1. So, in the stretch 13-23, how many residues would count as being in a loop (DSSP other than H, G, I, E, B) and either among the β-branched types (V, I, T) or at positive phi (or both)?
2. Among the residues of the stretch 24-43, write down those that are touching a residue at least 12 places away in the same chain (Cβ under 8 Å) and either part of a helix (DSSP H, G or I) or over 16 Å from W80 (Cα atoms) (or both).
3. What number of residues within the stretch 73-90 satisfy the criterion of being open to solvent by 30 Å² or more (accessible area, probe 1.4 Å), among the aromatic types (F, W, Y) and closer than 19 Å to L20 by Cβ?
4. Answer yes if at least one residue in the stretch 91-98 is open to solvent by 70 Å² or more (accessible area, probe 1.4 Å), part of a loop (DSSP other than H, G, I, E, B) and either under 30 Å from R1 (Cα atoms) or of a type outside the set (S, T, N, Q) (or both), and no otherwise.
5. Out of the stretch 37-72, which residues are charged (D, E, K, R), over 23 Å from A3 (Cβ atoms) and surrounded by fewer than 11 Cβ atoms within 10 Å (Cβ to Cβ)?
Amino acid sequence: RQAGRINQASQWVSTMAKPLFRSYWVTNAGELQNVDPGNDRVTQVKALATARLANAFGLDEFSPGFQQYVVPEVNRQWEWFTNKQFEAFQKAQKSKAD
């Protein structure tokens, strides 16, 4: 039963990834648009988001359902985040060149 509850927690935590990455973008877009996409500051966001999600219910990568539900959703949202950051970076560089 405990594993079932943790599995359900993992499923619920996976739904928190999208709004979390969106909020990180909203609060950090101004800074991150001027940062090279390969900069550690960008990848730090994924680490912070993953840690925050995992700590929501005391989950870790070995928790039932974490690899199945949370990790794929974090990866999808990370892809969205990096695309937004890259687009913003390109626009910022273009506006500096003009």
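The values are calculated or read from the model by the stated rules, or taken from the named source; none is laboratory data. Computed from a prediction, not measured in an experiment: that's the story for all the values here. Neighbour counts are summed over all protein chains in view; Cβ atoms, including those assigned to glycine, are modelled from backbone coordinates with ideal geometry. Only protein heavy atoms, including side chains, enter the accessible area calculation; ligands, DNA and RNA are left aside. Shrake-Rupley method; radii C 1.70, N 1.55, O 1.52, S 1.80 Å.
1. Residues in the stretch 13-23 being in a loop (DSSP other than H, G, I, E, B) and either among the β-branched types (V, I, T) or at positive phi (or both): 0 in total.
2. Result: Y24, W25, N28, A29, L32, N34, V35, D36, V42.
3. 2
4. Within the stretch 91-98, one or more residues are open to solvent by 70 Å² or more (accessible area, probe 1.4 Å), part of a loop (DSSP other than H, G, I, E, B) and either under 30 Å from R1 (Cα atoms) or of a type outside the set (S, T, N, Q) (or both).
5. D40
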